[in-house]
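Asks: Dropping the structure in here first, questions after.
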Amino acid sequence: MGKSQSSLVNKWLSSKVDKPKPYQITRHPVGVNVPLSFRQERLWFLQQLYPSNPFYHYAEGFEFRGKLKIEYLITSLEAILKRHSILRASFHAIENQVIQIVEESSNFEITSHDLRSLSGDELDQSTEEIIIKETNKHFNLETAPLFRTSILQFGDEHHLVILTLHHLIMDKWSMRLLRDELSANYLRLSSNNPLQPDPLVIEYADYAYWQRNRDLNEKNVAYWKEKLKGVLTQLRLPLTYKRPANTTFRGGFSSQEISSAVYEAVNNICRDSHATPYVFFLTVYNIMLSRLCQDEDIIVGSPFTERNSTQLEDLIGFFDDTLVLRSDLSANPRFIDLLEQVKFNVLEGLEHRDIPFEYLVKSLKPDRVLNQNPLFQVMFIFHQEPTTPSFGDNLAMNKKILDIGVAKFDLTLYVELKNDAFTMLFEYSKDLFDENFIKRLHGYFNKLLDEIIADPEQHLSELKMLSTVEEEQILAHWSRNPVPLPGADSVCQMFEKMAVKNPDRPAVVYENTTLSYHDLNVKAQMVAKCLIQNGIKTNDFVGLCTNTSLELIVGIFGIMKSGAGYFPIEPDIPIERMKYVIQDADIKFVLSQIEHINCFEDIDVGTIPIEVIIEEDVQYKNIRPVEPNGGHRAYLIYTSGSTGQPKGIVVSHSNLVNSTLARSVFYPRRPKSFLLLSSFTFDSSVAGIFWTLTTGGKLVLPRRRSEQDTKLLGNLISEQGVTHTLLLPSLYEIFLQHIPQDKLETLNTVILAGESCSVSLCEKHFNILPEANLYNEYGPTEATVWSTAYKITPEGLAEKIPIGKPIANVEVYVLDKNLDPVPMGVTGELYLGGNGISEGYLNNHELSSEYFITNPYDHNRNTLLYRTGDLVSFRKDGNLIFHGRKDDQLKIRGHRVELEEIKTALKNYPHIQDVAIVVTRAHATDQNELTSIDRLYEALGSLEGDEGKESLLHSIENLSDTEVEILLAQMNGQLLNPIRPIES
Ligand code: AMP
Ligand code: MG
């Protein structure tokens with residue numbers, strides 16, 4: 001036994017906490033209104049919110065084989081109703097209170113269904129329909145009893161008797177009492193003895209009255225406050241469907257028996273570690289949830305009965321409460337250590353259980369969301385099935401679990417122990433999950449069990465959960481995309497081939513000027529020679545500072561042909577930043593347009609006026625342009641750095657060649673005329689420049705700063721017959737809104753990149769330009785422009801537009817923090833590998849080794865993976881879905897911004913001690929993601945007139961969860977109206 005284990009146990013054994021004392025409950029005073037117990041009240045509120053929903057119905061089926069005397073059965077049930085007054089209770093809202101009233105006598109509904117003429121599928125289907133109909137039938141809470149019986153007759157000696165009850169009057173324990181009393185009564189009647197039920201000393205009403213009038217132990221409240229402090233995050237299970245704003249509580253269930261070998265092994269582990277199977281399975285459940293949510297702080301609800309006194313043991317009624325069990329799976333414990341922790345939590349939780357869940361929610365005030373259960377969303381129930389009571393020698397009874405089509409929580413795992421075997425059963429919300437997901441859950445759970453049984457001393461990170469098939473699917477099929485590409489050393493080589501083939505074709509167009517392929521090649525050579533003469537060598541970087549212009553493209557190819565990589569510098573960036581990057585990159589020369597040369601006056605760097613070189617016909621003797629090879633550096637692009645300074649990303653020619661050639665593999669149409677909309681300081685410009693100029697197309701450059709001039713751009717597109725463009729979704733939004741459709745008609749390929757794109761934008765595209773293909777491209781600069789891509793189709797507009805699959809020779813891995821693949825649908829961090837991965841950050845080995853790691857999936861271990869910080873998941877067709885960032889990195893109009901960089905810059909001012917950055921978004925918040933209290937504030941804020949509003953606002957804080965929900969429901973009409981936020 002490990003050290004942490006024994007110390008936890010000792011801690012518990014020696015704990016001085018008062019163990020909950022058995023209660024002494026007496027009869028409630030005569031003539032008072034009997035309140036609802038806390039749990040009953042919550043249920044009652046929930047039922048008011050969803051008036052006709054059967055989610056709190058409970059049904060059990062008794063299958064009888066043999067000679068069933070229906071009249072004995074009915075008489076027996078009537079006697080039970082007579083003995084337990086709670087079964088005759090109805091519920092009423094009077095003034096400010098909800099009370100329960102017990103009727104003297106009440107007749108329960110009995111329906112009979114004769115199915116003797118049916119067989120096979122027909123019988124199964126009718127049975128299923130009757131079960132759903134009978135068990136879902138509405139109970140009017142004001143009319144007792146909340147109890148009904150349905151009798152299905154399959155044969156002369158084959159019946160199914162269904163009892164349906166509302167949870168307000170029962171719990172699982174009650175059902176055992178009911179079954180036992182039913183059998184005792186039935187046996188007495190069968191042997192002609194009269195029924196003589198013992199009267200009960202106290203009843204449920206006495207308990208409810210007592211519970212609502214007693215003082216709660218504040219020490220227990222303090223315990224839970226401490227235990228549940230901090231952010232109580234909602235579990236982020238990988239949902240199949242988006243959580244609806246209004247839960248329907250439609251549910252399904254799926255069960256599987258656990259093998260006898262596992263049964264033995266589990267019992268052995270439990271024996272060795274002094275844990276119960278309850279604790280064991282709860283621990284395994286925690287591990288599975290942790291993997292599915294990629295979270296280490298896991299909260300599970302688990303019911304316990306409040307019958308902490310022999311007085312209550314024989315009472316039917318709703319005594320269940322919920323233990324909120326929080327486990328800490330961080331620090332990669334061994335399984336047996338986690339088992340110990342869970343055991344300790346359960347024991348300690350039970351010691352402090354004397355606080356009704358309702359009360360707990362009220363005092364803890366967790367974030368409340370209308371469509372989610374507060375504090376926990378998943379349940380765990382361990383159930384030991386008692387022996388089936390006897391109904392005499394001629395009648396066998398078999399208890400049946402009925403699927404009544406509801407689920408109260410997102411997911412509930414039941415483990416049932418019956419006749420030396422475990423059965424696991426998942427009850428799941430059909431709003432959130434489909435059957436396939438639940439099937440996979442069974443697989444994950446079984447796999448974890450196998451791994452744990454093999455060696456319970458393993459650390460959590462060593463336990464596998466994925467099946468070999470799923471792992472193979474992910475790693476071998478979805479992660480890679482090897483495609484043999486034609487050999488090329490560099491994009492220069494590819495461009496030169498085009499220049500030889502089509503010398504007179506227009507290569508670049510800017511305003512009224514055009515450069516042909518031949519002229520571009522010649523001018524680029526002149527630049528290269530000049531640079532070489534100035535001492536530029538292979539793998540140096542040369543700064544390039546120009547407006548969007550023909551010189552820009554000449555400069556890029558010129559620098560590359562000198563063997564150096566180009567380093568784009570935006571002319572009007574702040575001088576400090578300009579100084580920093582030039583120094584950091586150790587730049588010796590900047591090739592600049594004349595108008596920008598003075599930017600560099602105060603900087604220690606040489607400048608070369610590009611116009612002068614390409615106009616003057618200087619003869620460079622004995623200087624030949626360099627043919628770069630794949631290993632040479634092609635460009636350097638700076639991007640925001642979280643350390644407070646921007647960082648330079650070095651991209652090689654082989655990175656660039658793969659990135660460029662992959663376009664011809666993925667895109668069916670090559671760019672005849674490409675409109676370049678990204679600044680050349682962004683790597684997205686690389687896409688258009690090299691794809692176009694290596695395939696013989698025409699690159700169309702708009703005037704600088706004309707991105708928002710939609711009239712100019714519209715004319716340019718139609719005049720230049722633009723077929724392709726790549727742009728930010730937000731910019732495309734403006735295009736579609738402001739450029740007349742007829743100006744856009746030549747476009748056949750629109751590529752959205754750099755940020756998530758919305759479904760509504762895609763819809764607009766397909767309405768306006770149904771003939772043009774639309775794509776979503778994803779990729780960080782570190783992996784050379786693009787890594788995955790997706791063709792968007794009007795039919796496939798799901799809730800989130802995928803970022804697609806890996807492009808040629810790129811690898812994508814969705815990993816957890818142990819670098820293991822996460823299951824399909826689960827969100828993990830995206831790691832990129834393959835030919836696009838750059839060599840790292842310039843002159844920053846430390847930062848490079850933080851983000852570029854040895855590829856654990858490369859058998860030779862000699863390639864790198866880039867850790868993107870992007871959160872993604874695999875959709876079931878292998879397409880990736882983007883879920884945002886792991887860190888504070890933002891995109892502001894396409895610019896990558898690390899909040900740390902801003903913070904560090906601001907902190908440099910002497911009077912600023914600390915900095916907090918609040919990011920506000922222009923678009924409205926998604927209503928579904930607001931907590932109920934937010935929604936309530938908003939709803940109140942939108943009310944007309946101030947009367948009473950002030951005091952309402954003040955009292956919100958003191959409302960219980962259900963009260964908030966009720967208020968919200970009442971104000972629903974208001975919520976549907978436009979909401980304006982309240983200024984605080
Ligand atoms: P950059 O290196 O400037 O190209 O920025 C790369 C980052 O932009 C990625 O790591 C993502 O966070 C984000 N990004 C790029 N393309 C997309 C896209 N199609 N959808 C969502 N986010 C994107
Ligand atoms: Mg980019």
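Asks: Count the net charge of all other residues whose Cβ sits under 14 Å from the Cβ of LYS743, scoring Lys and Arg as +1 and Asp and Glu as -1.
Replies: Numbers: positive: LYS711; negative: ASP709, GLU719, ASP742, GLU745.
Within the 14 Å Cβ shell, the charges total -3.
Asks: Using R₀ = 51 Å, calculate the FRET efficiency as 1/(1 + (r/R₀)^6) where r is the Cβ-Cβ separation of LYS418 and LEU485; round to 0.05.
Replies: For R0 = 51 Å, the calculated efficiency reads 0.25.
Asks: 7 Å from Cα along Cα→Cβ at both ILE401 and THR904: what's the point-to-point distance in nm?
Replies: Result for the modelled spin labels: 5.6 nm.
Asks: How do 398-404, 550-556 rank on mean C-beta neighbours within 10 Å, highest first?
Replies: Numbers: 398-404: 16.3, 550-556: 26.1.
Ranking, from highest mean packing down: 550-556, 398-404.
Asks: Output the peptides 218-229, 335-346, 190-201 sorted from most to least packed, where packing is the average of other Cβ atoms within 10 Å over each peptide's residues.
Replies: Per-residue mean Cβ counts within 10 Å order the peptides as 335-346, 218-229, 190-201.
Asks: Which whole-number percent gives the relative contact order of the chain, counting Cα pairs below 8 Å spaced six or more residues apart?
Replies: Reported relative contact order: 10 percent.
Asks: Okay, next question. Using a Förster radius of 45 Å, what is the FRET efficiency between LYS817 and LEU712 based on their Cβ-Cβ separation? Nearest 0.05, please.
Replies: 0.40
Asks: Same structure again: Rounded to the nearest 500 deg cm²/dmol, what is the calculated helix-only ellipticity per residue at 222 nm for the chain, with -39500 (n - 2.57) per DSSP H run of length n ≥ 4?
Replies: So the calculated ellipticity at 222 nm is -10500 deg cm²/dmol.
Asks: Here is a further query. Expected output is a single nm value to one decimal: the length gained when fully extending between ILE892 and LEU847, i.e. 0.36 nm times separation in residues minus the C-alpha distance. What is it?
Replies: On the way: separation 45, 0.36 × 45 = 16.20 nm, distance 2.34 nm.
Length difference between fully extended and current span is 13.9 nm.
Asks: Now for a separate question. For the pair GLU351 and ARG703, how long in nm is the line joining their label points, each one 7 Å along Cα→Cβ?
Replies: Reported label-point gap for GLU351 and ARG703 is 7.8 nm.
Asks: Residues with beta-carbon under 11 Å from that of ARG577, excluding ARG577: net charge, scoring Lys, Arg +1 and Asp, Glu -1? Could the numbers behind the result be given before it?
Replies: Details: positive: LYS579; negative: GLU570, ASP572, GLU576, ASP584, GLU901.
Net local charge, ARG577 excluded: -4.
Asks: What nm distance separates the two modelled labels at ILE453 and GLU218, each placed 7 Å from Cα along Cα→Cβ?
Replies: 5.1 nm
Asks: Between their Cα atoms, which of LYS172/LYS400; LYS343/LYS464; LYS800/LYS876; LYS439/LYS464; LYS561/LYS672; LYS501/LYS529 are more than 21 Å away from each other?
Replies: LYS343/LYS464; LYS561/LYS672; LYS501/LYS529
Asks: Output the antiparallel fraction of DSSP beta bridges having both residues in the stretch 635-737, as a percent to the nearest 5.
Replies: 50 percent
Asks: Could you give the dipole magnitude of the chain about its Cα centre, charging the beta-carbon of Lys and Arg +1 and that of Asp and Glu -1, in debye to the nearest 20?
Replies: In debye, rounded to 20, the chain gives about 1160.
Asks: What relative contact order, as a whole-number percentage, does the stretch 82-184 give when Cα pairs under 8 Å and 6 or more residues apart are counted?
Replies: Worked out over the stretch 82-184, it gives 29 percent.
Asks: Here's a follow-up. Which percent, nearest 5, of DSSP beta bridges in the chain are antiparallel?
Replies: 70 percent
Asks: Here's another thing I want to ask about it. So how do 653-661, 89-97 stack up, highest first, on mean other-Cβ count within 10 Å? Don't skip to the answer; put the middle values down first.
Replies: Numbers: 653-661: 24.8, 89-97: 14.3.
So the peptides 653-661, 89-97, ranked by packing, come out 653-661, 89-97.
Asks: Moving on. When only C-alpha pairs under 8 Å and at least 6 residues apart count, what is the relative contact order of the stretch 406-469, in percent? Kindly include the intermediate steps, with their values, before the conclusion.
Replies: Numbers: 54 pairs, mean separation 15.0, N = 64.
Worked out over the stretch 406-469, it gives 23 percent.
Asks: Quick check: net charge around TYR790, other residues with Cβ under 13 Å of its Cβ, Lys/Arg +1 and Asp/Glu -1?
Replies: +2
Asks: Multiply the residue separation of THR746 and GLU601 by 0.36 nm, subtract the distance between their alpha-carbon atoms, and state the gained length in nm to one decimal.
Replies: Value of the extension gain: 47.7 nm.
Asks: Now a separate question. Which of rounded, prolate, oblate describes the stretch 579-631, given a ≥ b ≥ c as roots of the alpha-carbon gyration tensor eigenvalues and a/c under 1.5 marking rounded, otherwise prolate only if a/b is larger than b/c?
Replies: In terms of gyration-tensor shape, oblate.
Asks: I would also like to ask the following. At a temperature of 4 °C and a viscosity of 1.567 mPa s, determine how fast the chain diffuses translationally according to Stokes-Einstein, using the Kirkwood radius over alpha-carbon pairs as Rh; express D in µm²/s, rounded to the nearest whole number.
Replies: Reported coefficient: 39 µm²/s.
Laboratory data are not the source of any read-out in this text; all were calculated from the coordinates shown. On a predicted model such as this, the values are computed, not experimentally measured, just so you know. All Cβ positions, even for glycine, are placed from backbone atoms using ideal geometry, and neighbour counts span all protein chains on display.
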